[in-house]
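Reviewing the structure listed below.
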Amino acid sequence: MAEIVTIARPYAEAVFRIAREQGKLGQWSERLAALSAVVGNAEVAACIANPNLTAKQKAELVTALLGGAVEADVASMIQVLAGSDRLAVLPEIAIFFESLKSAEEGVKDAVIFSAFPLDDAQQQKLLSDLEARFKTKLRPAIKLDPELIGGVRVEVGDQVLDASVRGKLATMAAALRN
């Protein structure tokens, strides 16, 4: 796994620099997501791993699966990755690119664990409160965790905000033991 990370990071950084210079971070994000989806397909992955196909054939396959007409910079990237036999790392490149894009835009990922489903109004209120608390724009992922009993538990990077009933009970239990 570390090898894939080592391979993917420089490509992601290069693409990020190009996207930032062009002012097209959003477009490159979409392009990489599409490339990642194509390469992530099991049948396509098998073709990419086939040593009997040339780099050109692999690049043409990926380009065709994207709809055939791709921008010159995307086609160039596909050819470079195919020539280096690195098309398979496209999903990791996309992940690194998204983390660089988020850092550039000042957005952090937030995982919100809730004991109960939240409606849209509750999600918006919670998100605005959390953004004020963490002083950054957040991209939420909401997961249900009935073991919380009530409330929410939020993870933003290495910070954790536990406003759940279960967390409060654990705090009370620790206080009573002392």
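The values are calculated or read from the model by the stated rules, or taken from the named source; none is laboratory data. Everything numeric here is computed off the predicted structure, so don't read it as measured data. Methodologically, a virtual Cβ is constructed for each residue, glycine included, from the backbone with ideal geometry; neighbour enumeration extends over all protein chains shown. The area values use the complete protein model at the heavy-atom level, side chains included, leaving out ligands, DNA and RNA. Shrake-Rupley method; radii C 1.70, N 1.55, O 1.52, S 1.80 Å.
Values as computed for the structure displayed
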| item | result |
| --- | --- |
| Residue in the stretch 98-120 that is open to solvent by less than 30 Å² (accessible area, probe 1.4 Å) and in contact with a Gly (Cβ under 6 Å, 6 or more places away or on another chain) present | yes |
| The listed residue being more than 23 Å from residue 156 (Cα to Cα) and either touching a strand residue (DSSP E or B) at 6+ places or on another chain (Cβ under 7 Å) or not in a loop (DSSP other than H, G, I, E, B) (or both), out of 94, 45, 103 | 45 |
| Subset tally (residues that are out of contact with any Leu (no Cβ under 8 Å at 6 or more places or on another chain) and either closer than 13 Å to residue 114 by Cβ or among the charged types (D, E, K, R) (or both)) for the stretch 126-154 | 13 |
| Test: residue in the stretch 119-126 that is of a type in the set (Gly, Ala, Ser) and modelled with pLDDT under 90 | no |
| Unique residue being at positive phi and either touching a His at 6+ places or on another chain (Cβ under 9 Å) or among the acidic types (Asp, Glu) (or both) when the list is 109, 85, 73 | 85 |
| Count - residues of the stretch 4-49 that are touching a residue at least 24 places away in the same chain (Cβ under 8 Å), of a type in the set (Gly, Ala, Ser) and open to solvent by 60 Å² or more (accessible area, probe 1.4 Å) | 1 |
| Meets criteria (of a type in the set (Phe, Trp, Tyr), out of contact with any Phe, Trp or Tyr (no Cβ under 9 Å at 6 or more places or on another chain) and either within 30 Å of residue 17 (Cα to Cα) or loosely packed, with under 15 Cβ neighbours inside 10 Å (or both)) for residue 134 | yes |
| Residue count, the stretch 74-113 (criterion: among the hydroxyl-bearing types (Ser, Thr, Tyr) and either under 18 Å from the mean Cα position of the chain (by Cα) or at pLDDT 95 or above (or both)) | 2 |
| Residue match in the stretch 89-100 (condition: hydrophobic (A, V, I, L, M, F, W, C) and without any contact (Cβ under 8 Å) to a residue 24 or more places away in the chain) | no |
| Considering residues of the stretch 144-165 that are buried (at least 16 other Cβ atoms within 10 Å of the Cβ) and of a type in the set (A, V, I, L, M, F, W, C) only, the residue nearest to residue 106 (Cα to Cα) | 156 |
| Wholly within the stretch 120-178, strands (runs of 3 or more DSSP E) carrying at least 2 residues that are closer than 23 Å to residue 98 by Cα and β-branched (Val, Ile, Thr) | 151-156 |
| Residues being open to solvent by 20 Å² or more (accessible area, probe 1.4 Å) and of a type in the set (Val, Ile, Thr) - total across the stretch 65-97 | 3 |
